[in-house]
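A quick write-up on the structure given underneath.
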Amino acid sequence: MKLYQGMGPNSYRVRIFLREKGIDVPMVEVDFAKGEHKAPVFLELNSLGQIPVLELDDGAIVTESVAICRYFEETHPEPPLFGSDAVSRAKVEMWNRRAELVIFGTIGNVALHSDALFKDRLTQFPAFAETERQAVPRKWAWLDQELADGRPFLAGESFSVADITAGVCGWLSEIFGMEIPADLKNVQRWNERVRGRPSWNA
Ligand SMILES: N[C@@H](CCC(=O)N[C@@H](CS)C(=O)NCC(=O)O)C(=O)O
């Protein structure tokens, strides 16, 4: 088994997940600067030319960070990070999607439309990047209201993959100069709780 990974939030999500589970997987570093993710040999693994990619011992390939995490949830159920009963599984799915679509999507648009790293991948619209940049604090404010009920983690009482997704958004937000607003106390507390976990050094 090999995990092709490298720089960027999606590889980071999988590394944190593996650390939470206590799983060691041989890793292959994919170097964006050298264009390794777009080399023909890599495109055979993932036609989208993106990381992370998991290659299993029988040659099966799994791409998409959440799908890779799901594979490891199945093979290593403890501790459960995708919920443990019907309601908690649904809540984790709900919050992971909300974190991806509402927060990650907005921050991702800032990156995609402003960073030179992506200039060959799409037509960049700097004005759109700016609109999305201004929207980011509103997304965190929405999450702050959601967390006002005092629950420790996004999906409830237990840490889950949804906290990994949203926590990585906090990190990405900072990298692009959009710190989580200091007055959003519920998000601040949640962020400290999540990013204080040992897995965050993954
Ligand atoms: N939906 C995919 C997104 C993967 C992705 O966008 N990975 C980035 C790094 S974080 C990448 O490889 N970007 C290079 C590119 O898209 O050209 C996932 O969750 O794994």
Test: residue 88 is of a type in the set (Ser, Thr, Tyr), within 18 Å of residue 163 (Cβ to Cβ), away from the ligand (no atom under 15 Å from the Cβ) and at pLDDT 95 or above: yes
- request: Report, by residue number, each residue of the range 17-37 that is surrounded by 19 or more Cβ atoms within 10 Å (Cβ to Cβ) and within 13 Å of the ligand (Cβ to nearest atom).
  value: 17, 30, 37
query: For the range 5-16, which residues satisfy the criterion of being within 12 Å of the ligand (Cβ to nearest atom) and out of contact with any strand residue (DSSP E or B) (no Cβ under 9 Å at 6 or more places or on another chain)?
result: 8, 9, 10, 13
query: Out of (1) touching a Leu at 6+ places or on another chain (Cβ under 9 Å); (2) within 12 Å of the ligand (Cβ to nearest atom); (3) assigned to a helix (DSSP H, G or I), the odd one out for residue 100 is which?
result: (1)
- prompt: Residue check, residue 182 against (1) assigned to a loop (DSSP other than H, G, I, E, B); (2) of a type in the set (Gly, Ala, Ser); (3) closer than 25 Å to residue 70 by Cβ, all met but one. Which one?
  reply: (3)
- request: Output the residues belonging to the range 40-83 that are part of a loop (DSSP other than H, G, I, E, B) and closer than 16 Å to residue 17 by Cβ.
  value: 51, 52, 64, 76, 77, 78, 79, 80, 81, 82, 83
- request: Scan the range 103-118 and give yes if some residue there is open to solvent by 60 Å² or more (accessible area, probe 1.4 Å), within 19 Å of the chain's Cα centre (by Cα) and modelled with pLDDT under 95, otherwise no.
  value: yes
field: Members of the range 125-143 that are over 20 Å from residue 99 (Cα atoms) and either buried (at least 16 other Cβ atoms within 10 Å of the Cβ) or among the small types (Gly, Ala, Ser) (or both)
entry: 127
message: Within the range 55-64, does at least one residue satisfy the condition of being within 12 Å of the ligand (Cβ to nearest atom) and either in contact with a His (Cβ under 9 Å, 6 or more places away or on another chain) or of a type outside the set (D, E, K, R) (or both)?
response: yes
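The values are calculated or read from the model by the stated rules, or taken from the named source; none is laboratory data. Computed from a prediction, not measured in an experiment: that's the story for all the values here. Please note: Cβ atoms are built from the backbone with ideal geometry, for glycine as well, and neighbour counts cover all protein chains shown. Calculation scope for accessible area: heavy atoms of the full protein, side chains included, ligands and nucleic acids excluded. Shrake-Rupley method; radii C 1.70, N 1.55, O 1.52, S 1.80 Å.
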